[in-house]
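Novice: What follows is a structure written as structure tokens; I'll ask about it next.
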Amino acid sequence: MSIKRMLIANRGEIAVRIIRAAKAMGIHTIQAHSEADVDMLAVRLADEAVCIGPAQAAQSYLDIEAVVAAAKATKADAVHPGYGFMAENAEFVRALDAAGITFVGPSADVIDRMGDKVAARQAAEAAGVPVVPGSKGRLDTVEDAVNVAAKLGYPVMIKAAAGGGGKGIRIADTEADLRKMAPQAQAEAKASFGDGGLYLERAINSPRHIEVQIMGDGTDAVHYFERECSMQRRRQKVWEEAGATCLDQETRAHLCDTAVALAKAVNYVGAGTLEYLYDSQTKEFFFIEMNTRIQVEHPVTEMLTDTDLVQEMIHVAGGGKLRKSQSDITRNGHAIEVRLNAEDPLMQFLPSPGKIGTLRVPEGEGIRFDHFLYEGYQVPPFYDSLLGKLIVHAENREAAIDLMISALNG
């Protein structure tokens, strides 16, 4: 079943990105928006728009009933969740399934399985993917964590069993640290994801953060090579590259093959990312988690492989098979992405919303700017501070860095 009418259940630059991809496919686009986002660029670009509630995300973008009702009212046959909000919410997918509406992404069962870090580790191990030594199951008490850490050896990384975005993560160098930090991590995880479950991993000194972009149609899967996202602030990525220059060809091939094996093992549908830690000294890599959605940094992979990943995930969501075999997917040059945020660097990078006075978008060969801005637009204070993403592509990393500097300088 091909998709004819699609509701975009997100906001900001990813909503604009999805609308443009869908329109190129001849799909009628419907933008869901809160009261605060009535003037958003995505609302202006979509074929139609529907308000789903007040500014507060809990009463609009995170309200399952409101989004499903909007999809029904506008006769949407599919919903694209973008990233964040309900992109990895299995209950949302089940509500859409019950309404006979296609979710552009994996099934609820796969989201449940791969969204829980413990279950994802177990699935990875079953598929033969190396994982960081850690707890074999979910840990619900501090004493459980202490017992596991004694076997793993310190330092250990404390992680939330559910969720992502750096929430609930701590590194404990001693048992005393663990006893202090585990309750903090539990509370943060509970507040962020409604689930205080934890698990532990052996902490790896000076790891590189590598992720592999995959696409599946429920039967087959392919990879679109890897990205490096080691440059992070508060465990959130700020600079992303494709590919990872720290990998040799043999390691790259093995890494990407394991990602495809896991995607096939869980009958994955849509775009997904498998995240790994890489030890450049030993050349070992370890699976840490899977993101069952399109990623913020997907444009660097698109530039590297000359592929529209959003169109591909819409295609397979509509029942289509993968349009490229692995041998059809090649990498060319190097791509870099930086995030541009509405933040005040003099106030500990706190969000700094306001009106866009003058907007100059960098242009030229190899330059791309994904954003949702226009002159006179009032950036609301209610949501993530991300304004846009500047992406460059050149023949090699050095040339890409030079192009990025030029683009940023205007």
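The values are calculated or read from the model by the stated rules, or taken from the named source; none is laboratory data. Predicted model only: the values in this text are computed from it and were never measured. Heads up, the Cβs are rebuilt from the backbone with ideal geometry, glycines too, and the neighbour counts pull from every protein chain shown.
Novice: Which one of these does F225 not meet: (1) on the phi > 0 side of the Ramachandran plot; (2) hydrophobic (A, V, I, L, M, F, W, C); (3) surrounded by fewer than 18 Cβ atoms within 10 Å (Cβ to Cβ)?
Specialist: So the condition that F225 fails would be (3).
Novice: Name the one entry in D140, D144 that is touching a residue at least 12 places away in the same chain (Cβ under 8 Å) and of a type outside the set (S, T, Y).
Specialist: When all the criteria are applied, what remains is D140.
Novice: Which ones in segment 204-219 are assigned to a loop (DSSP other than H, G, I, E, B) and in contact with a Leu (Cβ under 9 Å, 6 or more places away or on another chain)?
Specialist: I204, P207, T219
Novice: Only one of E13, E48 is of a type outside the set (F, W, Y), touching a strand residue (DSSP E or B) at 6+ places or on another chain (Cβ under 8 Å) and farther than 19 Å from D308 by Cβ. Can you tell me which?
Specialist: Only one candidate passes the filter, namely E48.
Novice: When you look at E289, is it closer than 22 Å to G366 by Cβ, in contact (Cβ under 8 Å) with a residue 40 or more places away in the chain and either surrounded by fewer than 21 Cβ atoms within 10 Å (Cβ to Cβ) or in contact with a Lys or Arg (Cβ under 9 Å, 6 or more places away or on another chain) (or both), yes or no?
Specialist: no
Novice: Report the residue count in segment 379-400 for those that are over 29 Å from E365 (Cα atoms) and of a type in the set (G, A, S).
Specialist: Qualifying residue count, segment 379-400: 0.
Novice: Here is a follow-up. For segment 28-41, what are the residues that are touching a helix residue (DSSP H, G or I) at 6+ places or on another chain (Cβ under 7 Å) and within 17 Å of A76 (Cα to Cα)?
Specialist: Within segment 28-41, T29, Q31, A32, H33 meet the criteria.
Novice: Still on this structure, please answer the following. Can you tell which of I336, I288, I329 is modelled with pLDDT under 95 and more than 21 Å from V93 (Cβ to Cβ)?
Specialist: Result: I288 is the single residue among I336, I288, I329 that is modelled with pLDDT under 95 and more than 21 Å from V93 (Cβ to Cβ).
Novice: Would you please name the residue that is nearest to K72 (Cα to Cα), looking only at residues in segment 95-119 that are modelled with pLDDT of 95 or more and β-branched (V, I, T)?
Specialist: Within segment 95-119, the match that is nearest to K72 (Cα to Cα) is I101.
Novice: Failed condition for G26, given (1) of a type in the set (G, A, S); (2) in contact (Cβ under 8 Å) with a residue 12 or more places away in the chain; (3) outside any helix (DSSP H, G or I), with all others met?
Specialist: Against the list (1) of a type in the set (G, A, S); (2) in contact (Cβ under 8 Å) with a residue 12 or more places away in the chain; (3) outside any helix (DSSP H, G or I), G26 comes up short only on (2).
Novice: All but one of (1) free of Cβ contacts under 8 Å to residues at least 60 places away in the same chain; (2) assigned to a loop (DSSP other than H, G, I, E, B) hold for F85; which doesn't?
Specialist: All conditions pass for F85, except number (1).
Novice: If only one of E363, E398, E337, E312 is in a loop (DSSP other than H, G, I, E, B) and either within 30 Å of G53 (Cβ to Cβ) or in the same structural domain as A253 (by TED's automatic domain parsing) (or both), which one is it?
Specialist: Selected residue: E363, the only one of E363, E398, E337, E312 that is in a loop (DSSP other than H, G, I, E, B) and either within 30 Å of G53 (Cβ to Cβ) or in the same structural domain as A253 (by TED's automatic domain parsing) (or both).
Novice: Filter segment 160-174 down to the residues that are outside any loop (DSSP other than H, G, I, E, B) and touching a helix residue (DSSP H, G or I) at 6+ places or on another chain (Cβ under 6 Å), then identify the one that is modelled with the lowest pLDDT.
Specialist: Residue satisfying both the conditions and the ranking: A160.
Novice: Same structure again: Consider P54 carefully, then state whether it is modelled with pLDDT of 95 or more, buried (at least 20 other Cβ atoms within 10 Å of the Cβ) and on the phi < 0 side of the Ramachandran plot.
Specialist: So P54 does not fit the description; no.
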